[in-house]
Amino acid sequence: VQLVESGGDLVQAGGSLTLSCAASETILGPDVMGWYRQAPGKQRDRVAIFTRGGGINYADAVRGRFTISRDIAKNTVYLRMDSLKPEDTAVYYCNAYKPMDYSVWGQGTQVTVSS
């Protein structure tokens with residue numbers, strides 16, 4: 001599977017963005033699929049993911065502000081980000097994971113939130 005992210009931009013604090021992750025094959029294949037982010041000098045952290053069976057898991061830092069969704073027909077996962085804060089500034093990555101099979105990352109898309 002290959003993943004291509006898009007939608008990153010420069011936005012003011014309080015603004016909104018929607019990121020897209022287009023997959024080369026069905027997004028129902030991976031056990032886990034979703035979004036991670038990495039700020040400069042920090043580790044890559046989970047933001048929001050779909051788990052097998054359609055469950056959703058959000059990081060505490062984004063719960064209530066970010067919404068993950070998917071369009072199965074388009075093989076695309078989205079991340080709607082509202083009430084953005086400067087600390088949300090990071091490169092956002094899409095990941096697809098299937099145990100004992102693969103863990104695939106996209107190239108990342110930059111989100112910058114100005115204060």
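The values are calculated or read from the model by the stated rules, or taken from the named source; none is laboratory data. Since the structure is predicted, the reported quantities are computational estimates derived from the model, not experimental observations. Neighbour counts are summed over all protein chains in view; Cβ atoms, including those assigned to glycine, are modelled from backbone coordinates with ideal geometry. The area values use the complete protein model at the heavy-atom level, side chains included, leaving out ligands, DNA and RNA. Shrake-Rupley method; radii C 1.70, N 1.55, O 1.52, S 1.80 Å.
Laid out as a table, the results:
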read-out	value
Matching residues, segment 85-108, being assigned to a loop (DSSP other than H, G, I, E, B), open to solvent by 70 Å² or more (accessible area, probe 1.4 Å) and closer than 16 Å to Leu10 by Cβ	Lys85
Checklist (1) of a type in the set (A, V, I, L, M, F, W, C); (2) closer than 24 Å to Ser83 by Cβ; (3) open to solvent by 40 Å² or more (accessible area, probe 1.4 Å) applied to Leu17, failing item	(3)
Segment 35-84, subset of a type in the set (Val, Ile, Thr) and open to solvent by 20 Å² or more (accessible area, probe 1.4 Å), residue nearest to Tyr97 (Cα to Cα)	Thr51
